[in-house]
1. Pull out all pairs, ordered by first then second residue, where Cβ-Cβ is under 9 Å, the residues are six or more apart or on different chains, the first lies in region 216-229 and is without any contact (Cβ under 8 Å) to a residue 60 or more places away in the chain, and the second is part of a loop (DSSP other than H, G, I, E, B) and more than 8 Å from the ligand (Cβ to nearest atom).
2. Going through E175, E114 one at a time, which residue ends up being farther than 30 Å from T223 by Cα and at pLDDT 90 or above?
3. Has region 30-39 got at least one residue that is free of Cβ contacts under 8 Å to residues at least 60 places away in the same chain, open to solvent by 50 Å² or more (accessible area, probe 1.4 Å) and touching a Ser or Thr at 6+ places or on another chain (Cβ under 9 Å)?
4. Could you identify the single residue in D26, D60, D88 that is at pLDDT 85 or above and over 30 Å from L242 (Cα atoms)?
5. For a quick check of your reading: which strands (runs of 3 or more DSSP E) sit entirely within region 189-245 and have at least 1 residues that are over 30 Å from P134 (Cα atoms)?
6. Which of the numbered conditions does V167 fail, given that it passes all the others? Conditions: (1) open to solvent by 60 Å² or more (accessible area, probe 1.4 Å); (2) away from the ligand (no atom under 16 Å from the Cβ); (3) not aromatic (F, W, Y).
7. Being surrounded by 11 or more Cβ atoms within 10 Å (Cβ to Cβ) and of a type in the set (A, V, I, L, M, F, W, C) is the filter; apply it to region 198-208 and report the residue that is modelled with the lowest pLDDT.
8. Can you tell me which residues in region 84-128 are out of contact with any Leu (no Cβ under 8 Å at 6 or more places or on another chain), touching a residue at least 24 places away in the same chain (Cβ under 8 Å) and of a type in the set (S, T, N, Q)?
Amino acid sequence: MSTGLTLFDIETDLLNLMLCREAVLDDEQYHGDEASRTEALEMIDCSIKERVSAEIAKVDGIAFYLREFAARATTAKVEAKRLKDRQDMWERREERLKEIVTQVMSMTGKMRLEGNSNTLKLVKNPPSVEIAQPELVPDQYRLVSATMNLEDWKKVKDLIYDHHVDVAVDVKLKEPMKMPIAEALKQQIPCGRCDGTSIESVPMELRGPNDSGMKKCTQCNGTGKVNQGVPGCSLVRDKMRLEVE
Ligand SMILES: [Zn+2]
């Protein structure tokens, strides 16, 4: 099956043989000696047949491998999808069962359940940011990605110095950045009600007979500090997860 020739070699040979055959047909040298011409043509035809057989063997071999590889890739792709679906299914089942056990344990106030060789326990999750209204999140906590061609990008850089330039920009607003939001939500800032003094004055009409007129600030509960808020976001501190030991 293998001739040791590349597809290019075979095709070049074949083309040369075809040209050679045409030359013999037109050759004045064989005029009156048709037997020699026929002999020459038969030799060439024989070579052409050899080359064609070699080419067919090569092309079919190559085509076979190409089809075979494509088919195997398709099979693997289908199998990969099937396995991914199975992974997703088992993960969903695990999550669902964990949710139910967590709910039941929380409702009955049990943080640990001991089995013969396993323990189910509820563990408090670290504080996490929950973004209920992304549209309210301030710009400082949002990222954009802008895609444009390099020529336009250079113009944008020049915009700093020069104002009227047309650029086509594809700007994408990304998800709010949870890390800095979490940091901001954990930050304490001076209480606005008592200005950080921890005490507020009671209005005249509400004061008792021996009232000093000052009381613990109700906003910050006398700490002088409040948590900094981020619009649209909150810090969830009491989420529980189930662990198996
Ligand atoms: Zn206060």
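1. Between residues of region 216-229 that are without any contact (Cβ under 8 Å) to a residue 60 or more places away in the chain and residues that are part of a loop (DSSP other than H, G, I, E, B) and more than 8 Å from the ligand (Cβ to nearest atom), the close pairs are N227/Q187; Q228/Q187.
2. Answer to the selection: E114.
3. No, region 30-39 has no match at all.
4. None of the others qualify; the one that does is D26.
5. Once the strands (runs of 3 or more DSSP E) in region 189-245 are filtered for at least 1 residues that are over 30 Å from P134 (Cα atoms), what remains is 199-201, 214-216, 240-244.
6. Result: V167 fails condition (1) only.
7. Filtering first and then ranking leaves V202.
8. N118, N125
The values are calculated or read from the model by the stated rules, or taken from the named source; none is laboratory data. The model shown is predicted, which means the values in this text are computed figures rather than measured ones. Cβ coordinates were reconstructed from backbone atoms using ideal geometry, including for glycine residues, and neighbour counts include every protein chain displayed. What goes into the accessible areas is simple: the full protein's heavy atoms, side chains included, and nothing from ligands, DNA or RNA. Shrake-Rupley method; radii C 1.70, N 1.55, O 1.52, S 1.80 Å.
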